[in-house]
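Participant: Handing you this structure, nothing more for now.
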Amino acid sequence: MKNKSYIGISFIILVFGIIFIPRIIDRISNNTIKESDRLNVSGQAETSKDLLQTIASVPKFSLTNQNGEIITNETLLGDVYVVEFFFSTCPTICPVMNQNMLLLQNHFKDHPNFSIISITINPEYDTKEVLKSHAEHLGVTSPKWHFLTGEKDYIYSIANKGFNLYAAENKTIEGGFEHSGFFALIDKNGKIRSRKDNSGNPIIYYSGLNYLDAEGFEEDFSGPYKPGIEALKQDIKVVLEEK
């Protein structure tokens, strides 16, 4: 009986080898292993163009950057960019967001079609002069990282109604303002893009509060893990390569 069992197992292994191994070798030799076949540090499947969804068109905006230049959604067409809302005197989450934006700046520093958009929610204090000084303090080197200011109600409309990223004045909390810690990814055609979660639903925005722990796993400063900077790096690369 044992001999028959061994023969049966050997036959199954032989059939598996005949059917599947040539297919695997063919995929490797033809470089058709998909991005989704690999895992990233968070244990989630890496993204591909097919997994990135279009969420909506970016809202129209026209604001002034730290150099006194007018930056609009139209002038940014052709660039892939990441949007955040912040303020220069923020004592809580903004420093984490700033550092993560610096990581993105440095990671894509050699790509001519990558931009960063940081929009202040305290424009009465954050003039273009203040924002220029803030950029220098952070160590910003990219000419395509725009710190934008304008009229307060207009900015709040862009944040809350245009991007659906929360921003508000709140004198009862430290710093006097509160806002979302998320980043929006915009493609070359002015569309908000995002990957899907493990259930197949779009995450819409990426956490700007993530960091890597000592073992290289991504964690979220504000609580439970949300796809953040490492996921965003992967997805920026995908949309940069799109035609």
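Participant: What do you reckon, is Asp126 acidic (Asp, Glu), assigned to a loop (DSSP other than H, G, I, E, B) and farther than 17 Å from Leu103 by Cα? It would help to see each step written out before you state the result.
Facilitator: On the way: acidic (Asp, Glu): yes; assigned to a loop (DSSP other than H, G, I, E, B): yes; farther than 17 Å from Leu103 by Cα: yes.
When the stated conditions are applied, Asp126 passes them.
Participant: Next question. Counting only residues that are open to solvent by less than 60 Å² (accessible area, probe 1.4 Å) and part of a loop (DSSP other than H, G, I, E, B), how many does the range 59-83 have?
Facilitator: Summing the residues that are open to solvent by less than 60 Å² (accessible area, probe 1.4 Å) and part of a loop (DSSP other than H, G, I, E, B) in the range 59-83 gives 9.
Participant: Still on this structure, please answer the following. So Gly176 clears everything in (1) over 19 Å from the mean Cα position of the chain (by Cα); (2) surrounded by 14 or more Cβ atoms within 10 Å (Cβ to Cβ); (3) modelled with pLDDT of 95 or more except one condition, right? Which one?
Facilitator: The one condition Gly176 does not meet is (3).
Participant: Could you list all residues from the range 181-221 that are assigned to a loop (DSSP other than H, G, I, E, B) and open to solvent by 70 Å² or more (accessible area, probe 1.4 Å)?
Facilitator: Asn189, Asn198, Ser199, Asn201, Ala214, Glu215, Phe217, Phe221 - these are the residues of the range 181-221 that are assigned to a loop (DSSP other than H, G, I, E, B) and open to solvent by 70 Å² or more (accessible area, probe 1.4 Å).
Participant: Now a separate question. Find the residue count for the range 134-154, including only residues that are of a type outside the set (D, E, K, R), more than 18 Å from Met97 (Cβ to Cβ) and either open to solvent by less than 10 Å² (accessible area, probe 1.4 Å) or assigned to a helix (DSSP H, G or I) (or both).
Facilitator: Of the residues in the range 134-154, 1 are of a type outside the set (D, E, K, R), more than 18 Å from Met97 (Cβ to Cβ) and either open to solvent by less than 10 Å² (accessible area, probe 1.4 Å) or assigned to a helix (DSSP H, G or I) (or both).
Participant: Quick test for you: out of Ser118, Ser157, pick the one residue that is assigned to a helix (DSSP H, G or I) and of a type in the set (Ser, Thr, Tyr).
Facilitator: On the way: Ser118 fails: assigned to a helix (DSSP H, G or I).
Matching residue, one of Ser118, Ser157: Ser157.
Participant: Now a separate question. Consider only pairs whose beta carbons are under 8 Å apart and that are at least six residues apart or on different chains; among these, list those whose first residue lies in the range 87-104 and is free of Cβ contacts under 8 Å to residues at least 12 places away in the same chain and whose second residue is polar (S, T, N, Q).
Facilitator: These pairs meet every condition: Cys94/Ser88.
The values are calculated or read from the model by the stated rules, or taken from the named source; none is laboratory data. None of these values were measured; they are calculated from a predicted model. Cβ atoms come from the backbone with ideal geometry, glycine included; neighbour counts cover every protein chain shown. For the accessible areas, the whole protein counts, side chains as well, though only heavy atoms, and no ligand, DNA or RNA atoms are used. Shrake-Rupley method; radii C 1.70, N 1.55, O 1.52, S 1.80 Å.
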